[in-house]
Amino acid sequence: MDMTDVAVVRLPDETRQLEELRRRGVPRLALVAPHAPPFTPVDLLEDWVRLPAAPADVRARVLTLVGRAVQDLHRRPELSDDRLLRYGRWWVALPPTDARLIAPLVDRFGTVVGRGELAKAGWPDGLPNRNSLDVQLGRLRRRLEGSGLTLRTVRSRGCVLAPGT
């Protein structure tokens, strides 16, 4: 991770691009137009500076974002006994099936967990029907929106829980 990994957007002109960068979890610096309203960052991977800005100020903010992004790469999710999934400052309370389903993904964060293992974790007494796992994984993906985590399917192998990109 270095300075070239930080996206720089001009606001208000590039608001759509900013939203896409947020969705992908890319570190971003917003250059805010002189008469635009103040900007409120949504997470630690976002900062802003009002134009005109001294190059040294822009560089300092970009370097800060690089440092935060590096720390973010080493962060791991945690699942508590009371079914709270935490990732940094973000958290969500999970229903029992979701908590059982995500437990092996959290334990092996960043590595593939097989579909069979996920099915056994989610439904210890057996799957209710053939597509239950896929339906529940879709619901779990929606619950993870905005978390900085992504749940990806690895074809013919299983799923992986990883930092969002």
Task: Rg in Å to one decimal, and Dmax rounded to a whole Å, for region 78-163 via C-alpha atoms - done: 11.9, 36
- [ ] Report relative contact order for region 32-87 in percent, whole number only (criteria: Cα-Cα under 8 Å, sequence separation at least 6).
- [x] 24
TODO: Could you go through region 16-23 in sequence order and give the Karplus-derived ³J(HN,Hα) for each residue, using 6.51 cos²θ - 1.76 cosθ + 1.60 with θ = phi - 60°, rounded to whole Hz, and x for Gly and Pro?
DONE: 4, 4, 4, 4, 5, 5, 4, 4
Task: Total charge dipole magnitude, the chain, about the Cα centre, Cβ charges on Lys, Arg, Asp, Glu only, Debye to nearest 20 - done: 420
Open item on the list: What is the ratio of the Cα radius of gyration of the chain to 2.2 N^0.38 Å, with N the residue count, to two decimals?
Closed with: 1.25
- [ ] Provide the percentage of antiparallel DSSP beta bridges, counting only those with both residues in region 3-73; round to the nearest 5.
- [x] 0
- [ ] Tell me which residues come under 5 Å, amide H to amide H, from TRP48 once H is placed; ignore anything under 5 positions away on its chain.
- [x] ALA30
TODO: Would you kindly derive the ³J(HN,Hα) couplings of region 30-35 from the backbone phi angles with the Karplus curve 6.51 cos²θ - 1.76 cosθ + 1.60 (θ = phi - 60°), listing them in order in whole Hz, with x for Gly and Pro?
DONE: 9, 9, 8, 4, x, 10
- [ ] Kindly work out what percent of the DSSP beta bridges joining two residues of the chain are antiparallel, to the nearest 5.
- [x] 60
Task: Computed E for ASP82/ARG16 - FRET, C-beta separation, R0 35 angstrom, nearest 0.05 - done: 0.35
Open item on the list: Over all directions, the average projected area of the alpha-carbon convex hull for region 17-60 comes to how many nm²?
Closed with: 3.3
TODO: Report the full-extension gain for the segment TRP123 to ARG23: residue separation times 0.36 nm, less the Cα-Cα distance, to one decimal in nm.
DONE: 32.9 nm
- [ ] Please work out the ratio of the alpha-carbon Rg of region 81-124 to 2.2 N^0.38 Å and round it to two decimals.
- [x] 1.15
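Laboratory data are not the source of any read-out in this text; all were calculated from the coordinates shown. This is a predicted model, so every value here is computed, not measured. Virtual Cβ from ideal backbone geometry, glycine too; neighbours counted across all protein chains shown.
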